[in-house]
Ligand SMILES: Cc1ncc(COP(=O)(O)O)c(C=O)c1O
């Protein structure tokens, strides 16, 4: 039973009432958007600002290069004109250059498509990939992962399987993946790298394993690079200069890379992302596609079938923005990774505040090394499971989401996102964590 306290940093009665008002069975298992709404309500009622770590919103201003290009494009009249479904030629070229400069891979502009956020790229991929071969009807998630991808499956009525990768790093990954692939029902594998929420980063050895098995079993790898370049232990920021962001595309031709502009260019509001389909997959033919599309060629099915039906392309002006940002990054005049480094610096400080006050880092290791500092980190507190901890922390003005909704086996854990936390809030965070510790003595 919850102890009614008078000295929680946020008014106990207000928090309790607002949780009740939301009318969900368990607030700790609510969706990210529901949690956001609850905290908005508590903040409004109490006038107290939370340390908000529930939602992965970029905490930086949108790149001015993108904004200026978009304003110019709108002024020149693009708003009244339908964009090509597969994207502006100049954007397609810049995406292809970006793939070469930052991932060191060659891909033709034809397979480089803008999508309405990376979210649409994933939706379109799940939809199309589940229709390539009659017998392959299931996606495999290498978890923990971004919960919305699983919602997409539910909405589409598609099947998925998943496993938590923490115990299958390095050499153990091969056998685990093969145990799924051998069944013959997997069409795609999805993971994010760096990983949302754990911030695990796959090694080249692991990516090689994934790539080799993808080729062997004709499985498509959906590599979600929403946090491209943000493993700050390495400098991936120089175009055309090693080291490059590690990618499975080095080890198989069966890939789609999804690169969001939301975090790397702080361009979340305009809903534009990139989908990079390998040349080989773009030209791949399967007659099973004809059940749903007018062409048996994958690239045509994706563009003139799926994307046409979903949104008939991506907002015209946002494409000009992305083309301009990519051109600047490709030309070396705009270092997009330098801008986001602050996330890693903040994570380092915040993780220490948590661990100094009795919390543990759940995904604490990346292979043998300590986990890197980035956009997210994971926490737990002795004696609490994840949903309980979420609820309890609300009384202390701290919000996060439960790892239980990410496919993690570590259900005692929470995901904390650093982006929206202002450095000025660090003293508040420290005070609140100290109070939490004082109220919850560790046995
Ligand atoms: C792993 C991952 N993939 C995809 C997305 C969505 O990206 P977009 O905003 O481009 O739709 C996010 C956003 O948080 C994410 O964390």
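Numerical summary
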quantity	calculated
Scope region 99-120; condition under 22 Å from residue 56 (Cβ atoms) and either surrounded by fewer than 23 Cβ atoms within 10 Å (Cβ to Cβ) or within 16 Å of the ligand (Cβ to nearest atom) (or both); matching residues	114, 115, 116, 117, 118, 119, 120
Of residues in region 25-45 being in contact with a helix residue (DSSP H, G or I) (Cβ under 6 Å, 6 or more places away or on another chain) and within 16 Å of residue 392 (Cβ to Cβ), the one surrounded by the fewest Cβ atoms within 10 Å (Cβ to Cβ)	26
Verdict on residue 25 being touching a residue at least 40 places away in the same chain (Cβ under 8 Å) and out of contact with any strand residue (DSSP E or B) (no Cβ under 8 Å at 6 or more places or on another chain)	no
Residue in region 32-41 that is farther than 21 Å from residue 414 by Cα and over 27 Å from the mean Cα position of the chain (by Cα) present	no
Residue ID - farthest from residue 358 (Cα to Cα), chosen from residues in region 415-443 that are part of a helix (DSSP H, G or I) and without any contact (Cβ under 8 Å) to a residue 12 or more places away in the chain	424
Selection status of residue 353, in a helix (DSSP H, G or I) and not assigned by TED's automatic domain parsing to the domain that holds residue 92	yes
Residue that is farthest from residue 265 (Cα to Cα), among those in region 185-216 that are away from the ligand (no atom under 16 Å from the Cβ) and assigned to a loop (DSSP other than H, G, I, E, B)	185
Qualifying helices (runs of 4 or more DSSP H) (wholly inside region 46-160; at least 3 residues being within 29 Å of residue 290 (Cα to Cα) and out of contact with any helix residue (DSSP H, G or I) (no Cβ under 7 Å at 6 or more places or on another chain))	117-129, 147-156
Candidates 346, 327 - the one that is part of a helix (DSSP H, G or I) and closer than 17 Å to residue 87 by Cβ	327
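Residue-wise test of (1) surrounded by fewer than 24 Cβ atoms within 10 Å (Cβ to Cβ); (2) within 16 Å of the ligand (Cβ to nearest atom); (3) over 25 Å from residue 411 (Cα atoms).
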{"position": "126", "(1), (2), (3)": "yes, yes, yes"}
{"position": "131", "(1), (2), (3)": "yes, no, yes"}
{"position": "151", "(1), (2), (3)": "yes, yes, no"}
{"position": "157", "(1), (2), (3)": "yes, no, yes"}
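The values are calculated or read from the model by the stated rules, or taken from the named source; none is laboratory data. Note that this is a predicted model, so its numbers are computed, not measured. Glycine gets a Cβ as well: all are built from the backbone with ideal geometry, and neighbour counts include every protein chain shown.
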